[in-house]
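This report concerns only the one structure given below.
Nothing in this text is a laboratory measurement; each read-out follows from the coordinates by a stated rule. Not measured: the values here are computed from a predicted model. Methodologically, a virtual Cβ is constructed for each residue, glycine included, from the backbone with ideal geometry; neighbour enumeration extends over all protein chains shown.
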Amino acid sequence: MELNDFAIARAVHVLAVLLWIGGVAFVTTTLLPACRALAEPGARIALFESLEHRFAWQARGTTLAAGASGFWLAHRLDAWHRFADPGNWWWMHTMVALWAVFTLMLFVLEPLVLRRWFAEQAAHDPQRVFARIERMHRLLLALSLLTVAGAVAGSHGGWTF
Ligand code: HEM
């Protein structure tokens, strides 16, 4: 059996994406609705944050692994020209855009800005803030699923125009 660095990078990339986007799906479709059903509006955000805390670390690690392995794949494929042709390679752009959004959220906005902002807003209208958190997760999940579908089909010859 022979495993080269390209095959390993692809395996790491897919495993990282699996754990990361699978976790986003679990939070969106199961954890958030459970918090809504189990806690009063004023206690929902605190319950959600205490349960989601561990996943935030998993998401940070898998985001780093997906970015590093993705960069290595692009380097080995010499795929940089794809970014000049979004018509054929739109999923390359959505991969990087999604990665940038999650990186910004997980490493900068959530710890430095959003946590405090949510707490302040929730003091006035917890229901509205929780609904906003749910909407944001649904949107990110939908974009993630579209990206995964596009990337798998595209990597295997599905988007030739
Ligand atoms: C900086 C961020 C990223 C870079 C540079 C990157 C780069 C790449 C490259 C070069 C490939 C191989 C394409 C080919 O074989 O033609 C790939 C595959 C793939 N990427 Fe990414 N990616 C990134 C982030 C993401 C994200 C955020 C997701 C998911 C939401 C994702 C999902 C996938 C999937 C599912 C594949 C296909 C694997 C397969 O079926 O073989 N990537 N990526």
Computed from the beta carbon distance with a Förster radius of 35 Å, FRET efficiency for Thr29 and Asp85 to the nearest 0.05 stands at 0.50
Those chymotrypsin sites (Phe, Trp or Tyr not before Pro) from segment 1-72 that are DSSP loop and have at most 15 other Cβ neighbours within 10 Å turn out to be none
Phi angles of segment 147-153, converted by Karplus (6.51 cos²θ - 1.76 cosθ + 1.60, θ = phi - 60°) into ³J(HN,Hα) in whole Hz with x for Gly and Pro, give 5, 4, 4, x, 6, 5, 5
Taking the alpha-carbon centre of each part, the distance from segment 1-40 to segment 100-161 in Å is 13
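Using a Förster distance of 22 Å, how high is the FRET efficiency between Trp57 and Asp78, based on the Cβ-Cβ distance and rounded to 0.05? Kindly include the intermediate steps, with their values, before the conclusion.
Details: r = 34 Å, r/R0 = 1.54.
Once rounded, the FRET efficiency stands at 0.05.
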Going residue by residue through segment 11-26, the Karplus relation 6.51 cos²θ - 1.76 cosθ + 1.60 with θ = phi - 60° gives ³J(HN,Hα) values, rounded to whole Hz and with x marking Gly or Pro, of 5, 4, 4, 5, 4, 4, 5, 4, 5, 6, 6, x, x, 4, 5, 5
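Taking 0.36 nm per intervening residue step and subtracting the Cα-Cα distance, what contour gain separates Leu3 from Ala39 on full extension?
Details: separation 36, 0.36 × 36 = 12.96 nm, distance 4.94 nm.
Result: 8.0 nm gained on full extension.
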Under the 7 Å Cα-to-Cβ spin-label approximation, Ala97 and Ala149 lie apart by a distance in nanometres of 1.6
